[in-house]
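The structure appears below as structure tokens.
The values are calculated or read from the model by the stated rules, or taken from the named source; none is laboratory data. Keep in mind the model is a prediction, meaning the values are calculated, not measured. Neighbour counts run over all protein chains shown; Cβ positions are idealised from the backbone, glycine included. For accessibility, only protein heavy atoms count, side chains too; no ligands or nucleic acids. Shrake-Rupley method; radii C 1.70, N 1.55, O 1.52, S 1.80 Å.
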Amino acid sequence: MELRICKNPDELGKSAAAHTAAVLREVIAKKGYARIALSTGASQFDTIKHLVTEDVDWSKVEMFHLDEYVDLPETHPASFRKYLKERFVDKVKNLKKAHFVDGTEEGIKKLTEEIRELPIDIGLIGIGENAHIAFNDPPANFETKEAYHIVELDEKCRKQQLGEGWFPTFDDVPKKAVSMTVYQIMQCERIVSCVPYPVKAWAIEKTVHTKELTNMIPSTMLKTHKDLIIYADLDSAKDILK
């Protein structure tokens, strides 16, 4: 694991985007194509904002989506399909293909087939306020070898979605989602985790300082990966800089 601490969220996003783009260019030069998995949520705003301005031949890149709420239409402001289309897909030129989570069992089957055709070269995997990765809330399922599964969202996760402004009330936040599994996340060749903001300080501290692997802090699994970079800002890293 490598920890990179940046001054603020914009600097974090710019640095992470530059690194990600460099990896994509290197992979494309070697293989002729690349595959990327993208997280969503407020913590990824700056990274995606800068990534779309990078010099990458997007016509050779396939994008995979991590998670989506069950029974939430794409037109809803909180839809992660809507998020990625508006912030990423519509802003890069000629993306080879985008694979979206649609929140259905049928979608899980199709995505599983598509994601397992070839490895994901780089995954931008955020860490939630409760230390979840994708929507794998504690206690996360570390055992399943499925690619995607339907999960129950815990209270802290749902409060995060409310706090980020995606829903008007707590009761409006869905209780279920389709999420890429921890196992599938760990199949990425490289993982970049962008984790800014003061509300992520607990998650960063627990991820970095927890020595044992525990599904009560799902992000501890990331530290077992062969190529992990965690990007924090001064606010999210404040508890490890004391």
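Once you sort the root eigenvalues of the Cα gyration tensor of the range 5-95 as a ≥ b ≥ c, which label holds: rounded (a/c under 1.5), prolate (a/b larger than b/c) or oblate (the other case)? In terms of gyration-tensor shape, oblate. Using a probe of 1.4 Å, the accessible surface attributed to TRP202 totals some 100 Å² when neighbouring protein chains are kept in position.
Take every DSSP beta bridge whose two residues both sit in the chain; close to 30 percent of them are antiparallel.
Between the C-alpha center of the range 86-136 and that of the range 160-208 there is a gap of 14 Å.
May I ask you to give the percent of accessible area on the range 1-124 that is carbon plus sulfur, with a probe radius of 1.4 Å? If you can, show how the numbers build up before the last one.
Details: 2740 of 5610 Å².
The value for the range 1-124 is 49 percent carbon and sulfur by accessible area.
Distances between placed amide hydrogens fall under 5 Å for THR181 paired with TYR148, HIS149, all partners being 5 or more residues away or on another chain. Available extension along the chain between LYS30 and GLU86 is 17.2 nm, counting 0.36 nm per residue and deducting the alpha carbon span. Each of LEU241 and HIS99 was given a label point 7 Å from its Cα along the Cα-to-Cβ line. The distance between the two points is 3.8 nm. A Cβ-based charge dipole, computed about the Cα centre of the range 1-141 with Lys and Arg at +1 and Asp and Glu at -1, lands at about 560 debye. About the centre of its Cα atoms, the chain shows a dipole size close to 640 debye [charges on the beta carbon of Lys, Arg (+1) and Asp, Glu (-1) only; nearest 20 debye]. How much accessible area does LYS96 have with a 1.4 Å probe, in Å² rounded to the nearest 10? Looks like 110 Å² after rounding. Per-residue surface analysis assigns ILE36 an accessible area of about 0 Å², computed on protein heavy atoms at 1.4 Å probe radius.
Once you divide the Cα radius of gyration of the chain by 2.2 N^0.38 Å, the number left is 0.93.
In order along the range 161-173, the phi-based Karplus estimate (6.51 cos²θ - 1.76 cosθ + 1.60, θ = phi - 60°) of 3J(HN,Hα) comes to 5, 5, x, 7, x, 7, 9, x, 9, 4, 5, 7, 6 Hz; Gly and Pro are listed as x. Between ALA22 and ASN215, the simple label model (points 7 Å from Cα in the Cβ direction) yields a spacing of 3.7 nm. For GLU164 and LEU3, the difference between the fully extended length at 0.36 nm per residue and the C-alpha to C-alpha distance is 55.5 nm.
Write down the accessible area per residue of the chain in Å², having rolled a 1.4 Å probe over the full set of protein chains.
Values: 10520 Å² over 242 residues.
Roughly 43 Å² per residue, with all protein chains present.
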